[in-house]
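Shown next, in structure tokens, is the structure this report addresses.
The values are calculated or read from the model by the stated rules, or taken from the named source; none is laboratory data. Bear in mind that the values here come from a model prediction, so they are computed numbers and not experimental data. Backbone-built Cβ (ideal geometry, glycine too); neighbour counts: all protein chains shown. Side chains are part of the model used for accessible areas, which takes the heavy atoms of the whole protein and leaves out ligands, DNA and RNA. Shrake-Rupley method; radii C 1.70, N 1.55, O 1.52, S 1.80 Å.
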Amino acid sequence: MSAEDANTAPIVVVGAGIVGVCTALYLLREGRRVVLLDRGEPGEGTSFGNGSIITEEAVVPVQTPGLLWKVPKMLLDPLGPLALRWQYLPRLAPWLIQFIGASSPQRVEEISIALRALLRGATAAYDPLVKAAGIQDMIKRSGWVSVYETDAGFGAYQPMLELQRRRGVKLEVLPAPELRQLEPALAPIFKHGVFYPDVSYTVNNFRFVQELAAAFVGLGGTIRRETVSGFERSDGGVSAVITDHGRTACEAVVIAAGAWSKTLTAMLDCRPPLDTERGYHLTLPSAGVSPRLPVYSTERGFVCTPLENGLRVAGTVELGGLDKAPDWRRAEVLFENASRWYPGLDRKNETKWMGYRPSMPDSLPVIDRAPHHHNAYLAFGHGHCGLSLAARTGELIADMIAGRESAIDMAPYRVDRF
Ligand SMILES: Cc1cc2nc3c(=O)[nH]c(=O)nc-3n(C[C@H](O)[C@H](O)[C@H](O)COP(=O)(O)OP(=O)(O)OC[C@H]3O[C@@H](n4cnc5c(N)ncnc54)[C@H](O)[C@@H]3O)c2cc1C
């Protein structure tokens with residue numbers, strides 16, 4: 001880096017999804033010069049179409065003990081929460097082995113503690129950002145409810161409820177009549193519900209990212225539409241970010257490129273076991289139902305969230321990598337499931353979407369400094385919880401770059417933990 005670069009170079013954040021935008025905003029609040037680079041517009045990646053939920057209760061990792069034995073049944077169930085592109089299996093195998101390794105009761109306990117440490121205060125971490133953007137009204141603190149159609153399904157979830165209780169998650173078990181009182185829009189097909197009062201949601205997750213990105217620019221940040229293709233390295237650090245538009249000298253770089261981060265970290269000699277769990281959504285602008293709050297099914301793996309632009313039905317997991325075309329039958333599954341909950345659901349003008357959750361095998365994100373480059377930072381792998389954890393991640397990365405000790409133990413989120 002030249003002397004001039006060293007004096008004026010900004011921190012470059014790669015990726016303007018919800019994680020990159022929140023990180024950029026937190027850095028800007030510290031008085032840093034920040035440039036945010038994305039090959040598309042802010043929020044057009046996976047952050048475009050999620051379930052919009054800020055899930056403070058999500059302390060149960062995806063890989064729960066015994067899940068492996070349920071997988072064959074899930075794969076055979078056409079309405080089930082999981083699908084696999086079999087051709088992708090050989091490439092997925094190393095990730096799957098680590099996924100299984102992270103599902104022992106002891107690991108699940110440890111991981112849930114690490115998830116809780118991040119999730120506690122997830123909504124509060126957004127407070128300064130939404131205030132700066134003037135969009136406090138975009139977050140609704142309604143809580144959400146998970147629903148169970150069968151005693152067996154509810155019974156099977158008891159160990160996970162216990163895990164949530166051990167982590168101090170606030171929850172209230174609701175018998176069917178109370179569930180109906182809480183959410184009258186639901187068909188009377190549920191035997192049990194669990195209400196989580198600390199969960200919130202944003203009324204439009206895409207506009208949310210865009211408003212935060214606009215606030216970033218309004219406060220003096222720079223966003224440029226460029227594709228990052230490499231890094232210039234010197235003295236054990238990154239001195240510049242290389243893109244299709246040229247070279248941007250940097251004081252530090254943060255890789256927040258979601259499911260695509262692995263290609264970039266490989267250029268810094270760092271190869272985390274990041275893969276993707278693809279997910280789908282339908283947005284029904286004239287659904288004809290007015291739910292009071294988001295409703296989630298662990299049995300079916302999807303959520304229905306009342307957004308300002310319609311009912312969002314989002315979820316399911318498809319293991320199939322970043323390259324294969326969407327299988328829109330997964331979106332049909334979402335509709336079939338949702339229309340059982342809300343009979344008469346109207347599909348007029350519906351839109352559908354597929355996105356790539358950036359998933360680590362242990363359900364924990366990477367929030368760390370790169371092992372071989374003193375000024376490269378990593379913020380990706382948030383899996384099912386990227387919207388929930390983005391502001392917390394921004395806060396923690398800002399701490400790291402400022403050299404402040406974090407209030408929580410950061411070891412569980414290290415990139416070299418595998
Ligand atoms: C169906 C579904 C439902 C979900 N529901 C929820 C939910 O309710 N709550 C929740 O918390 N989470 C949810 N998630 C997960 C959440 O959406 C993700 O964890 C989150 O969006 C990840 O954000 P990100 O910023 O890391 O990635 P992204 O939003 O994907 O952003 C990464 C950005 O990096 C850019 N990029 C990549 N490579 C380059 C490059 N070389 N150069 C320049 N730019 C690059 C991309 O263009 C992209 O904009 C859901 C996910 C899915 C699929």
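Descriptive notes on the structure:
- Rounded to the nearest 10 degrees, the inclination of helix 329-341 to the longest alpha-carbon principal axis of the chain is 50 degrees.
- Between Gln158 and Asn309, the contour length at 0.36 nm per residue exceeds the Cα-Cα span by 50.9 nm.
- Hydrodynamic radius (Kirkwood) for segment 292-374, which is based on Cα pairs only, to one decimal in Å: 15.3
- For a paramagnetic label modelled on Glu110 (point 7 Å from Cα along Cα→Cβ), amide N atoms under 20 Å away belong, within segment 43-81, to 59-68.
- Debye intensity ratio I(q)/I(0), log10, segment 157-222, q values 0.27 Å⁻¹ (C-alpha model): -1.11
- Nearest-ten-degree value, helix 89-101 long axis tilted from longest Cα axis of the chain: 80
- Anchor Lys170: aspartates and glutamates whose Cα lies under 14 Å away (excluding residues fewer than 8 positions away in-chain): Glu56, Glu57, Glu162, Asp198
- Protection proxy ranking of 317-323, 363-369, 279-285, by the mean of other Cβ atoms within 10 Å over each peptide's residues and highest first, is 363-369, 279-285, 317-323.
- Alpha-carbon centroid distance for the pair segment 353-418 / segment 230-257, whole angstrom: 19
- Three-way shape call for segment 85-185 based on the alpha-carbon gyration tensor, with the a/c threshold at 1.5: oblate
- Rolling a 1.4 Å probe over the protein heavy atoms leaves Glu149 with an accessible area of roughly 40 Å².
- Counting DSSP beta bridges with both ends in the chain, the antiparallel % (nearest 5): 70
- Once Rg and the Kirkwood radius are both taken over the C-alpha atoms of the chain, their ratio Rg/Rh works out to 0.96.
- Most to least packed among 237-247, 127-137, 111-121 [average Cβ atoms within 10 Å]: 111-121, 237-247, 127-137
- In plain terms, the chain from Ile408 to Glu44 could stretch by 127.9 nm, reckoned as 0.36 nm per residue minus the Cα-Cα distance.
- Accessible area of segment 200-242 belonging to carbon and sulfur atoms, whole % at 1.4 Å probe: 48
- For segment 16-103, Kirkwood radius (reciprocal of mean inverse C-alpha pair distance, Å): 16.7
- Using the Cβ-Cβ distance between Glu172 and Arg340 with R0 set to 25 Å, the FRET efficiency works out to roughly 0.55.
- Taking a ≥ b ≥ c as the square roots of the eigenvalues of the alpha-carbon gyration tensor, segment 241-385 is classed prolate because a/c is 1.5 or more and a/b outweighs b/c.
- Entry comment: accessible area of the chain is 40 Å² per residue, from protein heavy atoms only and a probe of 1.4 Å.
- Where a label projected 7 Å from the Cα of Ser142 along Cα→Cβ would reach, residues of segment 176-198 with amide N under 12 Å: 183-186
- Between Asp127 and His374, full extension at 0.36 nm per residue minus the direct alpha carbon distance yields a gain of 85.9 nm.
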